[in-house]
Every structure is written in structure tokens, then in C-alpha cells.
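Step one of this worksheet: look at the structure below.
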Amino acid sequence: MATLGERIKDLRKQKGLTLQALAGDQLTKGMLSLIENNKANPSMESLSYIAERLAVDRNELLEDIPTNELRNLLEKIEQLYTQEMISDELIVKYKEIARKIKPYIDKLPFRYESARLLEIYSRCSYHTKQDGWLGPLEKAEEIYENLHMINQSADLHIFRAMMAFTEHRYSEALDMIQASRNVFKERTGILDPLKKLDFDYYESILYSAVGDTDSSKRLMEDAIDFSKKKQLFYRIDALYRLAGFQAVLNGDRASKDHYISKLRLFADFTDSKEIKAIADAIEIHYLNSFAHDYKAADALIEKNLEKHQEDKIFLFALEKGKALYGLGQLEEALEWLKKHTLWEFLHHPYDLSMHYEKDAYMAMIYMKLGNSELAVKHATIAKNLIEPMPDLPYKTFILDVYKQVTA
């Protein structure tokens with residue numbers, strides 16, 4: 001970080017002033033040069049004079065991080081920082097962002113730019129499993145609260161609740177998000193529309209995580225109706241995705257078709273290949289696990305693999321294996337199931353349960369291939385993984401496979 005002398009020199013050059021021009025009639029050129037090169041410290045009177053001639057506040061020169069430097073840093077960080085689905089590539093980016101911010105952490109002044117940098121540092125450090133993220137998070141929250149920045153403060157409340165979610169403390173996370181919603185409602189009377197949708201979305205996720213599907217569905221539908229009424233597209237794709245998947249679990253084909261079609265329309269509107277792939281992934285999962293139309297599932301998988309090749313294989317490897325199993329292509333199905341890995345950033349019971357099907361399918365394949373030892377091994381893995389999960393169709397399927405294999 002820049003020293004006092006370096007800050008004076010940088011500002012002088014930015015304003016196109018020579019040493020003599022800045023020195024004026026109250027400082028010598030030689031003394032100013034010593035100050036800029038950190039070989040002499042200016043008196044408070046001289047510092048005020050220099051600040052006046054540079055047209056900045058004296059405190060800006062004295063701050064460890066001047067306003068200009070702080071704003072430039074935040075601008076660079078905001079260009080790098082994105083909140084999206086966690087991936088290995090994003091983790092690498094988050095580590096780099098945290099590395100860039102860390103030298104400033106203990107010297108940030110009490111202002112918005114500092115709070116935002118502290119918030120980003122905390123989020124990046126938490127997701128990359130680095131120590132020391134909690135103190136900066138609390139400091140960011142303190143600054144936002146004192147600056148009466150309600151939406152930013154609410155974001156941190158949501159972040160805290162979702163940290164409990166990622167640690168699979170679902171009931172606690174739901175209590176936290178509901179308490180936070182009430183806090184901000186009491187403060188403002190009515191939530192900002194975008195913040196209301198944030199709370200609706202996350203509360204809906206947490207309701208489904210604790211098994212209250214009725215409340216989850218109600219909140220999702222309310223949020224979708226609110227988005228339409230307000231002509232907002234914020235979080236609409238995530239809400240359609242959640243509603244579509246919930247409809248699959250409920251056996252509500254009409255609602256599933258409705259929400260997947262909405263998701264595809266939104267994908268066309270935003271020209272998003274990723275949203276299109278997710279819409280297809282929900283449909284493929286329905287065809288495999290609920291309709292048992294393996295031929296249709298395999299055709300849709302192949303269509304996606306042609307378009308996305310390796311970058312979306314994690315969405316389709318498990319489903320490809322299931323489709324091939326259903327079509328009787330056991331050896332090939334086994335190879336695809338082996339390509340599937342459980343993504344470490346999945347935390348919702350729905351996501352975990354459906355991915356635990358992998359070992360159950362491998363058990364059935366090994367049983368049909370005559371390898372009872374591997375069949376029992378994978379059936380046991382699937383059983384142990386699924387037992388703590390809620391009573392979803394995946395649990396019933398996996399436990400049935402375990403009984404068959406170990407009979």
C-alpha cells in the first residue's frame with residue numbers, strides 16, 4: 001500500500017503539477033521532494049497546505065487507504081467477483097480475490113467501500129475454506145447497519161442463514177431466515193421487492209429441505225406471482241427450476257411441464273445455454289426416475305452431450321448411466337456411472353438424494369453381471385448415504401435395491 005509520500009506524489013502527478021508548482025511559496029522544492037520520498041515527515045500545517053493545493057481533504061492524505069485508492073480497489077474487485085453456482089473454477093477466482101483484499105483488511109476506514117470489500121472477502125474466504133472470514137463479516141455488517149444500508153445488511157443475514165444450510169443444519173437455517181425477514185419487515189414496514197424475492201426464494205428452499213413441501217410450494221408460487229405482477233425477472237429462473245423439480249417429486253406432470261416450458265422460454269429470452277441445459281436435466285431426470293421412458297431420456301441426453309460436450313457432463317453422466325441401464329446396455333451404463341462424481345457443493349437433501357442413486361444402479365448392474373460382492377458393496381454405500389435423508393422416492397428406491405441385493 002502507498003505511503004503518505006507516495007500518495008502525495010501520485011496525486012501531484014495526476015493533477016499535472018511539478019514539484020515547484022505544488023511547493024508554492026510555503027514549501028521548498030527540496031523539502032517537498034524529501035516528503036514524497038519518505039525522507040521527511042510534514043508538519044500538520046504543511047500537510048494542510050499540500051492538501052489544499054491538491055484539492056483534497058487532509059484526512060484523505062492521512063488515511064492508510066485514501067478514498068481514491070479504496071474506490072479503485074473496489075472497482076477492480078467488483079469486476080472479478082460474481083455470485084454464481086459454486087464450481088472449481090469459481091473457487092480459484094475466489095482465492096485470488098481474497099488474496100488481493102487481505103492486505104487491506106486491518107486498515108479499511110469506516111465507509112461503504114470498506115464494508116463491500118469486507119463482505120466480498122468474507123464470502124470468498126468462507127467458500128474457499130480459509131480461516132479469518134467471520135471478523136470481516138461482522139465488521140461489514142456493523143458498517144452497513146450504521147450507514148442504514150438495509151438491503152446490504154439483509155444480504156449478510158441471508159448469507160449467515162445459508163452458511164447453516166451448507167452445514168446441513170436445515171431447521172436452524174430456516175429459523176434464521178424467518179427471524180431475519182421479520183427484523184427487516186419491522187424496520188422498513190415493507191421489504192424492497194428484490195429483497196422480498198431473495199427471502200422468498202431461500203425460505204422456500206429451506207422449507208423443502210426440512211420436508212415441508214406445502215409451505216415450500218406456496219412460497220414459490222407466491223414469489224412467481226409477485227414477480228409477474230411487478231414485472232421483475234429477478235430469480236425467476238431459479239424459482240421455475242425449483243418449482244419444476246418439486247412438481248416432479250409430487251408426481252404433478254402438468255405442473256412439471258408448465259414450469260419446464262417457462263424455464264425454456266426464459267432461457268430463450270436470456271439466450272442462456274446453461275438454463276436450457278438445466279431445463280433438459282429436469283426433464284431427463286423425470287423420464288428416467290419417474291416415467292421410466294429410458295429411450296426418450298437417452299435421446300435428450302445425447303442431444304445435450306452434442307451441444308455441450310465435456311463442460312456439462314456433470315449434469316448428465318448419472319442420468320446417462322440410468323438410461324442405458326434401463327435400455328439393457330449394462331457395461332456401457334456402468335462406465336457412465338463411474339464418470340459421475342458427487343459435486344462437493346451440493347447441500348440440499350433433494351440434490352444429495354438423487355445423486356445417491358448412483359451406487360444403487362451400480363449395485364443392480366453388478367448383480368445382473370454376477371458380481372455379488374460388488375453388488376452388495378455399492379448397495380450398502382447407497383443405503384448408508386440415503387438413511388439420514390428425508391422420505392423421498394429416492395430413499396424408497398435405494399432401500400428396495402439394498403433388500404434385493406442382500407436377500
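The values are calculated or read from the model by the stated rules, or taken from the named source; none is laboratory data. Values in this document were obtained by computation on a predicted structure and should not be read as measured data. Every residue, glycine as well, gets a Cβ built from its backbone with ideal geometry; the counts of neighbours run over all protein chains shown. Protein only, heavy atoms only, side chains kept; ligands, DNA and RNA dropped before computing areas. Shrake-Rupley method; radii C 1.70, N 1.55, O 1.52, S 1.80 Å.
Scan (1) under 17 Å from Glu60 (Cα atoms); (2) surrounded by 12 or more Cβ atoms within 10 Å (Cβ to Cβ); (3) not aromatic (Phe, Trp, Tyr) for the single condition Met44 breaks and write down its number.
(2)
Among the residues of segment 183-209, which ones are closer than 30 Å to Met389 by Cβ and either open to solvent by 60 Å² or more (accessible area, probe 1.4 Å) or among the polar types (S, T, N, Q) (or both)?
Selection gives Ser204, Ser208.
Taking segment 374-397, which residues are assigned to a helix (DSSP H, G or I) and under 20 Å from Ser171 (Cβ atoms)?
Ile386, Lys395, listed by residue number.
Which of the following residues is touching a Cys at 6+ places or on another chain (Cβ under 7 Å), among the β-branched types (Val, Ile, Thr) and at negative phi: Ile97, Ile150, Ile101, Ile143?
Residue meeting the stated conditions: Ile97.
Quick check on segment 383-403: of everything there that is modelled with pLDDT of 95 or more, more than 15 Å from Asp351 (Cβ to Cβ) and out of contact with any Leu (no Cβ under 9 Å at 6 or more places or on another chain), which residue is most open to solvent (accessible area, probe 1.4 Å)?
Lys403
When segment 132-178 is examined, which residues are found to be within 18 Å of Pro349 (Cβ to Cβ), part of a helix (DSSP H, G or I) and among the charged types (D, E, K, R)?
Passing the criteria: Glu172, Asp175.
Given the conditions (1) assigned to a helix (DSSP H, G or I); (2) within 30 Å of Met389 (Cβ to Cβ); (3) among the charged types (D, E, K, R); (4) modelled with pLDDT of 90 or more, which single one is not true for Lys129?
With respect to (1) assigned to a helix (DSSP H, G or I); (2) within 30 Å of Met389 (Cβ to Cβ); (3) among the charged types (D, E, K, R); (4) modelled with pLDDT of 90 or more, Lys129 is out only on (1).
Filtering segment 102-122 down to residues that are modelled with pLDDT of 95 or more and not small (Gly, Ala, Ser), which residue is surrounded by the most Cβ atoms within 10 Å (Cβ to Cβ)?
Tyr121
Find the helices (runs of 4 or more DSSP H) located wholly in segment 36-85 whose residues include 1 or more that are in contact (Cβ under 8 Å) with a residue 60 or more places away in the chain and either at positive phi or not β-branched (Val, Ile, Thr) (or both), and list them.
67-80
Among the numbered conditions (1) of a type in the set (A, V, I, L, M, F, W, C); (2) modelled with pLDDT of 90 or more; (3) more than 30 Å from Glu344 (Cα to Cα), tell me where Met1 comes up short.
Only one criterion in (1) of a type in the set (A, V, I, L, M, F, W, C); (2) modelled with pLDDT of 90 or more; (3) more than 30 Å from Glu344 (Cα to Cα) is unmet by Met1, namely (2).
Output the number of the condition that Tyr94 fails; it satisfies all remaining conditions of (1) out of contact with any Lys or Arg (no Cβ under 9 Å at 6 or more places or on another chain); (2) more than 22 Å from Ser180 (Cβ to Cβ); (3) aromatic (Phe, Trp, Tyr).
(1)
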